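This report concerns only the one structure given below.
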Amino acid sequence: MKPLKHFVFVFITVAIAWSCSNGSDALDTTDPMKYVALTNVSYGNDPHQVYDIYLPKNRTVDTKIMLLIHGGGWSEGDKNDMAGFKDFIRDQLPNIVVVNMNYRLADENTPPHPMQINDISSVVNELLAKKNEYHIGSELGLMGVSAGGHLALLWSYEFDAKKQVKMVCSMVGPTNLADDSYVNSPNQDLRDLIFQFGQDIEVLKSVSPLYRAKSTSPPTLLFYGAQDPLIPNSQGIDLNAKLEELNVTHEFTLYPNGGHGWIGLDLLDTSVKLKTFMEAHL
């Protein structure tokens, strides 16, 4: 597959100073009065299976968690790409635990699914196992950008067996991999991107949030750009219509001038809506 140009969000954040640990000092994590940041905590044997966790001071066993999932076409990207969102949440919603994860990347021999969904499950299960050590709750929000948005929606709609997800946010995440705009696109690179999951339409539907959404799906926040070269407008519009039909609490924003990311007043609008939605549902 030929490389696709990747677009990134410019997220204006307040500079925050913090102390970092390599995750080896368990005594720090058990003191709920202290702020602790642990970086590159391993949750598996692969080098990509690591996460960063930011534990707020004065946390309790009811403290909620926001799990961040980066994009990169399922075969690239890194949790550092989500640093702007991590800083924004820590500044604007300082009582929430932020977890920023890496996951194993797809290649010619290994498709994204179920590998990357399994990695999200592994992180969630580890957070549950370390609930007492970290002194945190079990209720989650998920937020992802692009491929990460797809993964956040898919996991929340189909794989949240314990019903921990209280809200999910997708920013320019694909919702229907079987969309004709993908499978019959004249752009070979775009077809190759989607065909990492296979070329069978039923398989593509099975890994598409549009087909996994149900009336019990968690509150959903959606952001898309009408000029996005990678995400057809139908991706956000169709999921919005499906959630309306299912009577799922949700908000949908399509920025007329937005691409695979945006800046300026549109970005300010995104930040306000994100904070408000998190305050209401997480």
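Summary of computed values
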| read-out | value |
| --- | --- |
| Whole-Å distance, taken between Cα centres, linking the range 254-282 and the range 139-165 | 18 Å |
| Rounded accessible area per residue of the range 162-211, 1.4 Å, Å² | 39 Å² |
| Residue of Pro111, Pro186, Pro219 that the Gaussian network model of the chain assigns the largest fluctuation, springs spanning Cα pairs under 10 Å | Pro186 |
| Rounded accessible area of Trp155 (nearest 10 Å², 1.4 Å probe) | 10 Å² |
| Cα gyration tensor, the range 174-278 - rounded (a/c under 1.5), prolate or oblate | oblate |
| Exposure of Val272 as accessible area (Å², to 10), given a probe of 1.4 Å and all protein chains | 80 Å² |
| With DNA, RNA and ligands ignored, accessible area of Met33 (1.4 Å probe; Å², nearest 10) | 120 Å² |
| Theoretical gain in end-to-end length, Lys131 to Leu246 [0.36 nm per residue, Cα-Cα removed] | 38.1 nm |
| Cα-only radius of gyration and Dmax that characterise the chain, units Å | 18.0, 56 |
| P(r) histogram, all alpha-carbon pairs of the range 39-124 included - 10 Å bins from 0, percent | 17, 48, 27, 7, 1 |
| Cross-link reach list, aspartates and glutamates versus Lys34, counting only Cα pairs under 14 Å and skipping chain neighbours closer than eight places | Asp25, Glu133 |
| Given Lys57/Lys205; Lys79/Lys242; Lys131/Lys242; Lys79/Lys205; Lys57/Lys214; Lys79/Lys130, the pairs whose alpha carbons are separated by over 32 Å | Lys57/Lys205; Lys131/Lys242; Lys57/Lys214 |
| Contact order normalised by residue count of the chain, Cα under 8 Å, 6+ apart, percent | 17 percent |
| Spacing of the two label points (7 Å from each Cα toward its C-beta) at Thr276 and Asp62, in nm | 2.6 nm |
| Carbon and sulfur %, accessible surface of the chain computed with the full protein complex present, 1.4 Å | 50 percent |
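The values are calculated or read from the model by the stated rules, or taken from the named source; none is laboratory data. Here the structure is a predicted model, which means the values were calculated and not measured. Glycine gets a Cβ as well: all are built from the backbone with ideal geometry, and neighbour counts include every protein chain shown. The accessibility values were calculated without ligands, DNA or RNA, using every heavy atom of the protein model including side chains. Shrake-Rupley method; radii C 1.70, N 1.55, O 1.52, S 1.80 Å.
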